[in-house]
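Presented below is the structure to which this report refers.
Derivation of every value follows stated rules applied to the coordinates shown; laboratory data play no part. Since this is a predicted model, take the numbers as computed values, not measurements. Backbone-built Cβ (ideal geometry, glycine too); neighbour counts: all protein chains shown.
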């Protein structure tokens, strides 16, 4: 992450950070370096030499007195380490692009993967549903959706939820999804991972990103984060119908199966998301 070759010399690699989880970064840095850097102080000293002379109007008064004053000036600068701390952290850890399948990685492992990413903001979609519905832009989607369910022998979603408003139906379904703001990235081993995001750590708002680029962000992006495996929901049986906790567990398990249907098997808690800049 730190430097790239440029002829015979090494120069810093410039990086465009899309996402920085400063809370995790500060925590890891403090653990590794026994403290956290908030500010760097730089001092620079300079010497100024001044010559003084006195001259009179008469010839014998010229160069009567001459001396030198030497003054020492000190300049102090407060430097914000900013992204240099991130570079130092991961250069010290020595993390490299993950070549092995995520299946072979363990829970809690810090991984670096590179690939194409899809951005999704479910809350933004939900806020647009009433407008899209009033403009008739959901009609074809509703027909296609219900036809696919009918082909599969399942009641249409509108019937299941006892409502004819497709926008309301979608909104209720979206409320059940995990991680309303996330990206999905495909690794070089063709595995998909989901990365939940916190809006405050994005350098550009998700709303602006989606309105400019749509869900697919251009270029190759790298994600450094903490991996966890998502186990598939297993059948849950209620052994005691009077046990409310078992009933709650059963409902939660069914909701999990519905929300995670087709979702990636891997979750990466992102620390940084970035792309390397190209320059001459």
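Estimated from the Cβ-Cβ distance and a Förster radius of 30 angstrom, the FRET efficiency linking residue 23 and residue 253 is about 0.45.
Sorting the segments 102-108, 221-227, 126-132, 84-90 by their mean number of nearby beta carbons within 10 angstrom, highest to lowest, gives 221-227, 84-90, 126-132, 102-108. Each of residue 238 and residue 96 was given a label point 7 Å from its Cα along the Cα-to-Cβ line. The distance between the two points is 5.4 nm.
Among 208-219, 235-246, sorting by the average number of other beta carbon atoms lying within 10 angstrom of each residue, highest first, gives 208-219, 235-246. Between residue 84 and residue 203, full extension at 0.36 nm per residue minus the direct alpha carbon distance yields a gain of 41.2 nm. Length gained on full extension, residue 190 to residue 211: 4.8 nm, using 0.36 nm per residue less the C-alpha separation. Using the average count of surrounding beta-carbon atoms within 10 Å as a protection proxy, the listed peptides 248-256, 13-21 rank, highest first, as 13-21, 248-256.
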